[in-house]
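Take a look at the structure set out below.
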Amino acid sequence: MAPSTPSPEAAPEAVNPLAEGLESDRRAPPCALVVYGASGDLTHRKLAPALEALAADRRLSPNFAVVGVGRTPLSDEEFRARMLEAVSKPSAAWEALVGGFRYVAGGYTDGPTFERLREVLDEVDAAVGTDGNRVHYLATPPDVFAGVAGALGEHGLNEPGRQGCFVRLVVEKPYGRDLASALALDDAIHESFREEQVYRIDHYLGKETVQNVLALRFANAIFEPIWNRRYVDHVQITVAESLGVGHRGGFYETAGALRDIVQNHVLQVLALTVMEPPATVDAKGIRDEKVKALRAVDIPTHDEVTIDVVRGQYEAGWVEGEEVGGYRQEKGVGPDSRTETYVAMRVDVDNWRWAGVPFYLRTGKRLPKRVTEVSMEFRDVPHLPFGSKETRGLGPNALVLRIQPDEGIALRFGAKVPGQAFRVRSVAMDFAYGAAFLEETPDAYERLLLDAMVGDPTLFIRADEVEQAWKVVAPVQEVWTDDATPLARYRAGSWGPREADRLLERDGRRWRSP
């Protein structure tokens, strides 16, 4: 068993390869990726295709293997067939690697499972040359995260077998259901793994356009000077989905939009938007500043939650030309469910840079389109010398970072309309990733899997970061435990409930229409 972990700030962290050299040189070392939940949906939909893409791009070592662990009884051959079937057009490199994959069937906390796993890993080391390096990936239901970590510690699979090797633990979200359960999970994991071994994954951070928030801010002299309260009027962060809960109704009843999206994805994007420039462009520098940013977010009182947070649930409507049912009609959802599918909230960042600038956050299902973006609207000019007739089509300057699906950046500013009359209206200067770069954007899981194998924790979430994010939403969770709290309803295909519009209208603002 490993001793208790030191504080996250004191834990040594790997250096970000971006600060050392060209990312094109990045290759995973020899290692075995042990996937718990290997027969499940995440492995089939995300992990296998991402690994195949890495293999095709020659990012994986020839001495690489996957060892699947799952409750479903499968032979090695059946598991290999599944890993091939998960990819529509497998490359020759992938087919060659899959031949060395192994599978261990058994319960996630059963002793015989881990004794057999130890034997298989030793066999893989000898046959494939994985060199004793291990990345344990928890793609299981969250309720067994602690059990798997504990079993790895009990059976001595949590530490390298010799000097120069590594053992890492990748934990999928959700990381806890609230602050108390997140802290308890951390305690359980830290009984077997040191903090620097733990990689908490949020696939949003693997998206190229999320990372580009850092590049836009800190690589350009024209943006950073105006990225503050002197010039910014307010900021909107939108994470919208056109889909409903689909077959995940049972899961969503236990999660809701606040836990599923706001506590992780939305607050991660917020942290990258408001953080200070890091002293060093490495894992410690970036993650230190993200934690400081989250600590500056003003934690609302219970009274402020009732005023500044809107909780909504979709009803029947039309989305993208198709008639869809309401949330309560979804499979696995109760007819009187009060689970939120929409959250809108105003938060304040109480520091020197952002004091007085409201941040409006929203996320929801069954909205008109799938879009994630950050919209920064700037203050009005101090004096507009033109009349109202000449500026009828002029709005405030704005910078919009489109994270998905049309990745890019738009800058909105005023320009004269061609013609004899003098009229000014807003126009957009638009940058699109697809048009500017010939390189194909890698999937988020490709980037994060490679980072975990290389040992770069920059895009993973540290323990104190998780804790602070839960502290931000904790008062909201506490207020919403009361069944008397309002639940706004909104029609599928709309941009959310009317109450969310009023959240901005009372401040003299309105939501941007993506």
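List of remarks:
- Within the range 277-315, the only residue that satisfies the criterion of being over 17 Å from residue 470 (Cβ atoms), of a type in the set (Gly, Ala, Ser) and at pLDDT 95 or above is 312.
- Restricting 504, 449 to residues that are assigned to a helix (DSSP H, G or I) and either outside the structural domain of residue 303 (by TED's automatic domain parsing) or surrounded by fewer than 20 Cβ atoms within 10 Å (Cβ to Cβ) (or both) narrows the list to 504.
- Hey, residue 322 surrounded by fewer than 15 Cβ atoms within 10 Å (Cβ to Cβ) and either hydroxyl-bearing (Ser, Thr, Tyr) or modelled with pLDDT under 95 (or both) or not: yes
Conditions tested, residue by residue: (1) closer than 30 Å to residue 407 by Cβ; (2) touching a Pro at 6+ places or on another chain (Cβ under 7 Å).
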position	(1), (2)
148	no, no
163	no, no
218	yes, yes
224	yes, no
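- Any hit, the range 480-489, residues being at negative phi and part of a helix (DSSP H, G or I): yes
- Test: residue in the range 36-57 that is on the phi < 0 side of the Ramachandran plot and in a strand (DSSP E or B): yes
- Within the range 272-306, considering residues that are acidic (Asp, Glu) and not in a loop (DSSP other than H, G, I, E, B), the one surrounded by the fewest Cβ atoms within 10 Å (Cβ to Cβ): 303
- Flag for residue 262 being in a strand (DSSP E or B), assigned by TED's automatic domain parsing to the domain that holds residue 351 and buried (at least 21 other Cβ atoms within 10 Å of the Cβ): no
- If you filter the range 244-254 down to residues that are surrounded by fewer than 19 Cβ atoms within 10 Å (Cβ to Cβ) and touching a Gly at 6+ places or on another chain (Cβ under 7 Å), you find that the one that is modelled with the lowest pLDDT is 250.
- Output for the range 193-212, where each listed residue is part of a helix (DSSP H, G or I) and either of a type in the set (Asp, Glu) or at positive phi (or both): 195, 196, 208
- Qualifying residue in the range 224-243 (condition: crowded, with 20+ Cβ neighbours inside 10 Å, in the same structural domain as residue 317 (by TED's automatic domain parsing), within 15 Å of the chain's Cα centre (by Cα) and part of a helix (DSSP H, G or I)): no
- Residue within the range 371-384 that is within 18 Å of the chain's Cα centre (by Cα) and aliphatic (A, V, I, L, M) present: yes
- Hits in the range 318-334 - residues which are under 14 Å from residue 487 (Cβ atoms), of a type outside the set (Gly, Ala, Ser) and out of contact with any strand residue (DSSP E or B) (no Cβ under 9 Å at 6 or more places or on another chain): 333
- Condition met for residue 215 (assigned to a loop (DSSP other than H, G, I, E, B), among the hydrophobic types (A, V, I, L, M, F, W, C) and over 28 Å from residue 478 (Cα atoms)): no
- For the range 307-319, a tally of residues being part of a helix (DSSP H, G or I) and either surrounded by 15 or more Cβ atoms within 10 Å (Cβ to Cβ) or of a type outside the set (Val, Ile, Thr) (or both) returns 1.
- In the range 344-363, residue nearest to residue 293 (Cα to Cα) [restricted to those that are out of contact with any Gly (no Cβ under 7 Å at 6 or more places or on another chain) and either of a type in the set (A, V, I, L, M) or outside the structural domain of residue 254 (by TED's automatic domain parsing) (or both)]: 349
- Only one of 457, 418 that is of a type outside the set (A, V, I, L, M, F, W, C), part of a loop (DSSP other than H, G, I, E, B) and out of contact with any Asp or Glu (no Cβ under 7 Å at 6 or more places or on another chain): 418
The values are calculated or read from the model by the stated rules, or taken from the named source; none is laboratory data. It should be emphasised that the depicted structure is a prediction, and the values quoted were computed from it without experimental measurement. Using ideal geometry, Cβ is built from the backbone for each residue, glycine included, and neighbour counts are taken over all protein chains shown.
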